[in-house]
Amino acid sequence: MTKCIQVNEAGGPEVMHWVDADIGDPGEGEIRVRHTAVGLNFIDVYFRTGTYPPPAYPFTPGLEGAGVVEAVGDGVTDVQTGNRVAYAAPPLGAYAEVRNIPAEKVVNVPENVDDQTAAAMMLKGMTAEYLLCRTYVVQAGDTILFHAAAGGVGLIACQWAKHLGATVIGTVSSDEKAELAKAHGCDYPIIYTRENFVGRVKEITDGQGVPVVYDSVGKTTFTDSLDCLQPLGKMVSFGQSSGKVEPFDIGVLSAKGSLYLTRPTLMTYTANRSDLVNSANALFDVVGQGKVKIDINQTCPLAEAVRAHQDLEGRKTTGSTVLTV
């Protein structure tokens with residue numbers, strides 16, 4: 001018998017409970033992984049609160065983890081018992097000491113990446129990869145705007161964008177986070193709690209605006225983000241930490257300069273096995289070269305996931321948080 005976090009109903013952090021779990025043997029095409037570290041992500045909050053409906057109740061949250069393969073089911077050839085693996089993919093269930101997961105969802109972890117780093121970077125790092133390299137292909141000389149620049153995705157994206165030759169503008173909530181973002185490649189951190197970020201973006205770009213805005217905040221930043229774009233610019237809305245974006249007239253996009261709007265997800269960009277492997281390898285490459293450093297600024301025992309969620313929603317965290325097993 002092992003342990004896992006179980007959610008029986010939508011709600012606050014207190015709906016998560018540490019319970020016994022009977023995992024069983026992996027089925028065909030599956031492997032059994034004993035976690036050594038689990039990643040904490042805001043999407044976990046969305047599922048816990050019901051913003052994103054889970055497949056059913058009760059459920060175990062979590063989409064990201066790292067560990068060691070304990071057993072393999074029939075038909076599994078790419079992964080062997082004893083391999084170190086990591087993943088950032090459905091199905092839900094990462095908040096567990098042990099779980100079964102389809103083998104096609106995991107990748108082998110290179111020797112130069114430890115388990116906590118792997119768990120901290122897979123979802124956030126592959127998100128940064130598809131945002132910067134596929135949703136809008138950042139080129140040397142571009143100036144981009146990235147909201148929540150001191151967050152888990154933000155710190156990775158700022159470094160990666162800088163590596164690609166971009167000038168990075170980022171929004172943060174405090175002086176402390178501004179310094180953190182700046183140390184990770186953000187050229188112009190804007191403290192949105194006391195500065196108008198639209199005005200600052202226009203000032204920084206000599207009134208031109210930026211070709212792309214990456215926005216994981218949602219409701220409170222969406223409209224102003226559109227005003228930061230230059231004509232034919234792309235609005236990339238990939239999260240909603242402040243709430244859902246309210247319905248709006250799409251004519252606004254034409255009125256503001258024939259803008260593009262996309263709502264991408266990592267799960268779509270890594271749905272094919274080849275895309276998943278390529279994305280993970282690109283991440284391992286920039287981390288291995290030292291171009292992107294992964295900051296694990298908080299750790300918390302998996303059994304205390306309630307506290308971790310409270311800190312995450314209270315904006316008390318920076319960089320990545322790892323739940324230790």
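The values are calculated or read from the model by the stated rules, or taken from the named source; none is laboratory data. Owing to the predicted nature of the structure, the values given are computational and were not obtained by experimental measurement. Glycine also receives a Cβ, built like all others from the backbone with ideal geometry; neighbour counts cover every protein chain displayed.
Taking the numbered list (1) modelled with pLDDT of 95 or more; (2) assigned to a loop (DSSP other than H, G, I, E, B); (3) buried (at least 21 other Cβ atoms within 10 Å of the Cβ) in turn, A150 passes all entries but (1). I'd like to know if segment 146-160 contains one or more residues that are touching a residue at least 24 places away in the same chain (Cβ under 8 Å), farther than 19 Å from V217 by Cα and either in the same structural domain as E64 (by TED's automatic domain parsing) or over 18 Å from the mean Cα position of the chain (by Cα) (or both). The answer is no; no qualifying residue exists.
Each row is one residue, and each column tells you yes or no for (1) more than 21 Å from D285 (Cβ to Cβ); (2) surrounded by fewer than 24 Cβ atoms within 10 Å (Cβ to Cβ); (3) modelled with pLDDT under 95.
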| residue | (1), (2), (3) |
| --- | --- |
| D115 | no, yes, no |
| M122 | no, no, no |
| A157 | no, no, no |
| L164 | no, yes, no |
| T167 | yes, yes, no |
| A181 | yes, no, no |
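Scanning segment 15-28 for residues that are out of contact with any helix residue (DSSP H, G or I) (no Cβ under 6 Å at 6 or more places or on another chain) and either within 20 Å of L40 (Cβ to Cβ) or not assigned by TED's automatic domain parsing to the domain that holds T51 (or both) returns V15, H17, V19, A21. Against the numbered list (1) at pLDDT below 95; (2) among the β-branched types (V, I, T); (3) not in a loop (DSSP other than H, G, I, E, B), V322 comes up short only at (1). One residue alone among V277, V212, V245, V217 is β-branched (V, I, T), at pLDDT 95 or above and not assigned by TED's automatic domain parsing to the domain that holds V113, and that residue is V212. Say whether the condition of being in a helix (DSSP H, G or I) and surrounded by 16 or more Cβ atoms within 10 Å (Cβ to Cβ) is met by at least one residue in segment 7-14. Checked segment 7-14: at least one residue is in a helix (DSSP H, G or I) and surrounded by 16 or more Cβ atoms within 10 Å (Cβ to Cβ).
Checking each residue in segment 209-250 for being charged (D, E, K, R) and surrounded by 20 or more Cβ atoms within 10 Å (Cβ to Cβ) picks out only D215.
Of all positions in segment 24-38, none carries a residue that is under 27 Å from Q240 (Cβ atoms), surrounded by 15 or more Cβ atoms within 10 Å (Cβ to Cβ), of a type in the set (D, E, K, R) and touching a Pro at 6+ places or on another chain (Cβ under 6 Å).
Selection of segment 188-219 for residues being hydroxyl-bearing (S, T, Y), touching a Gly at 6+ places or on another chain (Cβ under 8 Å) and assigned to a loop (DSSP other than H, G, I, E, B) yields only S216.
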